[in-house]
1. Of the conditions (1) in the same structural domain as S41 (by TED's automatic domain parsing); (2) modelled with pLDDT of 95 or more, K132 satisfies every one except a single condition; which number is it?
2. Applying the selection to the stretch 368-379, what residues are assigned to a helix (DSSP H, G or I) and buried (at least 19 other Cβ atoms within 10 Å of the Cβ)?
3. Where in the stretch 263-339 are there helices (runs of 4 or more DSSP H), lying fully within it, with 1 or more residues that are within 28 Å of Y208 (Cα to Cα) and either modelled with pLDDT of 90 or more or in contact with a Lys or Arg (Cβ under 6 Å, 6 or more places away or on another chain) (or both)?
4. Can you name every residue in the stretch 28-76 that is within 16 Å of the ligand (Cβ to nearest atom) and of a type outside the set (A, V, I, L, M)?
5. Among the residues of the stretch 93-139, which ones are basic (K, R) and either outside any strand (DSSP E or B) or surrounded by 20 or more Cβ atoms within 10 Å (Cβ to Cβ) (or both)?
6. Conditions first: (1) under 18 Å from L309 (Cα atoms); (2) at pLDDT below 95. K387 passes all but one, so which condition is the exception?
Amino acid sequence: MRFKIQMVIENDDEQTTIEDIFTFEKGASHVVDIGLSLSESKQLLKRLQSSLVQAQAKTFIKTMGQCGACHKSHRIKGSHTIQYRTLFGIVVIDGPRLHHCHCDKAHSGTFSLLKQLFSEHVSSELKYIETKWGSLIPYGLTAKLMKDLLPVSRTLNASTIKNHLHNVAQRMEKDLQEKPAIEIGCGNDWAKLPKPDKPLTVGIDGGYVRNWNKKKSNFEVITGKSFSKTKSAKRFGFVQRQDPNPRHRLMDVLQKQGMQANQQIEFLSDGAENLRSLQYLMYPEASHTLDWFHITMKLTVLNQFAKGLRNSDPEAAKLIIQDLESSKWYLWHGNSERALDKLDECYWRLEDEGITYDNRKRFIKHLEEFNTYITNNRQIIPNYGEKYRYGETITTAFVESTVNEVIAKRMVKKQQMQWTRKGAHYMIQTRTAVLNGELTGYFEQWYPGFKIDDEQQIPGEDVKMAA
Ligand SMILES: [Zn+2]
């Protein structure tokens, strides 16, 4: 049988036109023939979109083709076409090039009405979907997926997606830069404020991605997450040289999370030198704490070495395991001096030439590294036990690693994935916006009336909390 789809256009001036959109033949005897096929749906949408846009453009030209002051029709100079990219295909639209009216002294020469209507040649929805999916999965895959399901342009590819995502990120960056700096004021003003919520905790971490410009080298991407017991987490990230003002970025994230000026901010650090100085730069007023999770991870490695020692030197192993245990105990209570003494004892026990353990040298190396780590981070080792008893956050271990969530899953899954600093920085801006559930908000602000039927669930949130 034959199906014919028509569009009935009822203009405001009560003129009705009927336009043929799509005709197709379909049998009714096999199940594969039942309903629209994907390919038919794409053709249908594409033609429908084209007719719709053409009709709208025609109406716009008709109403705007007259001089607003004297109501004479503008003289036609010639015509031109524009291409409007949408989720449902590229629409080619013809429009006139018009002379400005004689009564209009402010303008001379010609102008295009289509340019007034189509201030951008890519629809906001197309840009939104490209940005959302380009932030979650590779650009090439995004293009393939969109082409599978929608009548988007056949030429859509990884680089189109990337360019559109970069435009969106640039706009987000511009918005951020134009925001006034957030002042947290001083203690005198704080007293007047309502009692703040529980402390906000910020964890920052660094991850490495491969450098496209200098093959075989890496550069660091900083990522962080702020969270509190009462609000959902917000992520942020940047590439250091691409960000002129990380403090401004952080304050913006904290404000979006509802930070009050008198609220306590707790920085959890992984203890890496460069991150420690960066976090002091970003928020000197915060209290800075070495993330307990990173201490225990390193101690676990040392314990594994000690357990390995049991086979060759059981007596030494027993003493070293005891020393490590008390070192952990001292660290838990914030006594890094005594903890370092205990590590020293482990070290001297291992110096004994009588020890035949194959991994002795590596064990010593790890001990020395841990020693340096604790020494360098002494100032940010608090009494964890006490903090824990007061219900304060001492570790980021219960949230999924931000590096993993923001960087690894999207940027380094495949070894060959390479990034420019700018490209990485931009992608992180849109990715964190998507993970934070903020991308729609940006589009609503930029394109008044923008509405998208989007599931509100944040992709990062369904990940089981990592132990
Ligand atoms: Zn006029």
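The values are calculated or read from the model by the stated rules, or taken from the named source; none is laboratory data. Treat the numbers as computed from the prediction; the structure is a model and nothing was measured. Please note: Cβ atoms are built from the backbone with ideal geometry, for glycine as well, and neighbour counts cover all protein chains shown.
1. (1)
2. F370, I374
3. 273-282, 292-312
4. T63, G65, Q66, C67, G68, C70, H71, K72, S73, H74, R75
5. Once the filter is applied, which keeps residues that are basic (K, R) and either outside any strand (DSSP E or B) or surrounded by 20 or more Cβ atoms within 10 Å (Cβ to Cβ) (or both), the stretch 93-139 yields K105, K115, K127, K132.
6. Single failed check for K387: (1).
Residue-by-condition table, conditions (1) within 30 Å of L145 (Cβ to Cβ); (2) among the basic types (K, R); (3) exposed (fewer than 15 other Cβ atoms within 10 Å of the Cβ):
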{"site": "L36", "(1), (2), (3)": "yes, no, yes"}
{"site": "S51", "(1), (2), (3)": "yes, no, no"}
{"site": "Q54", "(1), (2), (3)": "yes, no, no"}
{"site": "G68", "(1), (2), (3)": "no, no, yes"}
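A quick yes/no check of all residues on (1) among the hydrophobic types (A, V, I, L, M, F, W, C); (2) more than 18 Å from F450 (Cα to Cα):
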{"position": "R47", "(1), (2)": "no, yes"}
{"position": "A55", "(1), (2)": "yes, yes"}
{"position": "M64", "(1), (2)": "yes, yes"}
{"position": "H71", "(1), (2)": "no, yes"}
{"position": "I76", "(1), (2)": "yes, yes"}
{"position": "V91", "(1), (2)": "yes, yes"}
{"position": "L98", "(1), (2)": "yes, yes"}
{"position": "Q116", "(1), (2)": "no, yes"}
{"position": "I129", "(1), (2)": "yes, no"}
